[in-house]
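The values are calculated or read from the model by the stated rules, or taken from the named source; none is laboratory data. Because the structure is predicted, anything quoted here is derived from the model rather than measured. Methodologically, a virtual Cβ is constructed for each residue, glycine included, from the backbone with ideal geometry; neighbour enumeration extends over all protein chains shown. All accessible areas refer to the heavy atoms of the entire protein, side chains included, with ligands and DNA or RNA removed. Shrake-Rupley method; radii C 1.70, N 1.55, O 1.52, S 1.80 Å.
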Amino acid sequence: MSVKETKKEVVLVLDFGGPYKELVARMIRSSNVYAEILPANIPLEKILEIDPIGIVLTGGANSVTAPNAMKCDPKIFEIGRPVLGIDYGMQLMCHMLGGKVGKATKSAEGELVNVEVTSDSLLFKGLPLAFSAWANNSDVVVVKSLPKGFSQTATAENGIAAFENQTMYGVQFHPESSHTKDGRLIMRNFLFDICHAKGQYKLKDYIDTQINVIRQTVGDKKVLLALSGGVDSSVCAALLAKAIPEQLTCIFVDHGLMRLNEGNEIEEAFANRDLNFIRVNAADRFLKKLKGVVDPEKKRKIIGEEFIRVFEEEAKKLGKIPFLAQGTIYPDIVESGGAYGTTIKSHHNVGGLPEKLGFDQIIEPLSMLFKNEVRDMGRRLKLPPALVNRQPFPGPGLALRVIGEITVEKLDTLRQADAIFREEIETMATRPSQYFAVITDTLSVGVKGDTRTYDRVVALRAITTDDFMACSATRVPFKTLERAVSRITSEIPEISRVVYDITPKPSGTIEWL
């Protein structure tokens, strides 16, 4: 779907390879202004076709003075649209417009800096004259060598913090970070006082537009969806069922690697909707293929390939269906690159379904939405809260939370421990971003009653993050952890010891495998 089909105004977020472009776009959309991420090297003609009300240049991974530094079309600065450069974006603006960028005397590598506003600026309207901001840079704009027409508007201990001219603004910190005090107000000032946005973007309008697009595209034909039970595919199913009642068939392949009672919950959620729901109980088939496999990459490949085989068999039973629906969301598109971008990771929403199934067209109605918007859509479509608020869960399921060989006994033990931990965490007023249990391949001596035991060790993990690109271990109240451990060791005979994982990302990853 094109920009013009969903909104009247748009802010472009140009991607220079830094990790925060999605945070920038999400912050803009949260102010009811549509933001779209495009690669930095997008042709000027495409930008003029979109006709944005403003442009944001995001952070990058390298120095703007490096020979291979990513750049945008210099004519962007001549078309009269307001531009906000963030970190690398500010430095690039300076560099391309004749200013100088050099090494900071004191680099800020992912830390808070104190910013002091030194002159009036619409960008800082309503902010205190001093505030803390998140910075991550070793290069800075050289104050004595600003581009012609630019003036400094804020300073920090590592040098200049902001500059501007009549239409272009730069900040040497990240307003999109939750660590930056009043960062959201800075972004709103750019949107509403500088770009003169009207705040017309509403998710309800997106839903109504998508329903019309789906109906026009599909007509009276049938659509097939591989339903994983995750938030994305579930919301996709609910939207399609509302748009084209009785024309949608959902195939839910239960690979036996779901959490406790999850398969039944998914089936119940779609029992009374206007669609054909097919549940394939294939646990034995998957476990047979996984027998003896320890390597996590082999587990992923086996599960992905077997999923395709099962889906293929079930799809053939239904005869010719012209449309395949997928729950692809916007970050999947961004990370997969595109016409101009660099691929971060290839995305195959349903495991790379074979072309020989003969679909005429793929429908991806969520492809312009972020995860928070998908969850909001799920609420509007009356999906159960347990499904809409479902914890992030990898496609291979519990296979990535079972260390070593996957067995029925290990899966059953893990399901119970995971359910108990989630129940206890959900008593907290403020919950972590993600929380789950992992069953290790380690045995430990324990004592139950008067008997010494030699049973399994389970690890608990809870993390806090804004973007899942980095995370810290959540400081779960000790009493909550004590209750979880007490219940797990007393209610599950197979577990003798529980540990809590406090590894951040980096150096670790969120999942263990």
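Does at least one position in the stretch 238-250 carry a residue that is in contact with a Cys (Cβ under 9 Å, 6 or more places away or on another chain), assigned to a helix (DSSP H, G or I) and either open to solvent by less than 10 Å² (accessible area, probe 1.4 Å) or on the phi > 0 side of the Ramachandran plot (or both)?
There is at least one residue in the stretch 238-250 that is in contact with a Cys (Cβ under 9 Å, 6 or more places away or on another chain), assigned to a helix (DSSP H, G or I) and either open to solvent by less than 10 Å² (accessible area, probe 1.4 Å) or on the phi > 0 side of the Ramachandran plot (or both).
For residues that are among the small types (Gly, Ala, Ser) and either open to solvent by less than 20 Å² (accessible area, probe 1.4 Å) or within 14 Å of Arg422 (Cβ to Cβ) (or both), tally how many sit in the stretch 460-493.
2
Run Ser151 past the list (1) within 22 Å of Tyr34 (Cα to Cα); (2) free of Cβ contacts under 8 Å to residues at least 40 places away in the same chain and report the number of the one that doesn't hold.
With respect to (1) within 22 Å of Tyr34 (Cα to Cα); (2) free of Cβ contacts under 8 Å to residues at least 40 places away in the same chain, Ser151 is out only on (1).
Considering only the stretch 366-405, how many residues are of a type in the set (Gly, Ala, Ser) and either part of a loop (DSSP other than H, G, I, E, B) or open to solvent by 40 Å² or more (accessible area, probe 1.4 Å) (or both)?
The qualifying residues number 4.
With Lys46, Lys75, Lys8 as the choices, which residue is within 26 Å of Gly99 (Cα to Cα) and either in a helix (DSSP H, G or I) or open to solvent by 50 Å² or more (accessible area, probe 1.4 Å) (or both)?
Only one candidate passes the filter, namely Lys75.
Quick one: which strands (runs of 3 or more DSSP E) lie wholly within the stretch 137-234 and hold at least 2 residues that are within 18 Å of Leu97 (Cβ to Cβ)?
By residue number, 151-156, 159-164, 168-171.
So which residues in the stretch 129-173 are within 19 Å of Leu191 (Cα to Cα) and open to solvent by 40 Å² or more (accessible area, probe 1.4 Å)?
Result: Gln166, Thr167.
If I ask for residues that are part of a loop (DSSP other than H, G, I, E, B) and at pLDDT 95 or above, which ones from the stretch 406-426 would you list?
Hits for the stretch 406-426 are Ile406, Thr407.
If Lys71 satisfies every condition in (1) under 30 Å from Gly159 (Cβ atoms); (2) within 25 Å of the chain's Cα centre (by Cα) but one, which is the exception?
(2)
Being under 21 Å from the mean Cα position of the chain (by Cα) and either open to solvent by 10 Å² or more (accessible area, probe 1.4 Å) or of a type in the set (S, T, N, Q) (or both): is that true of Arg431 here?
yes
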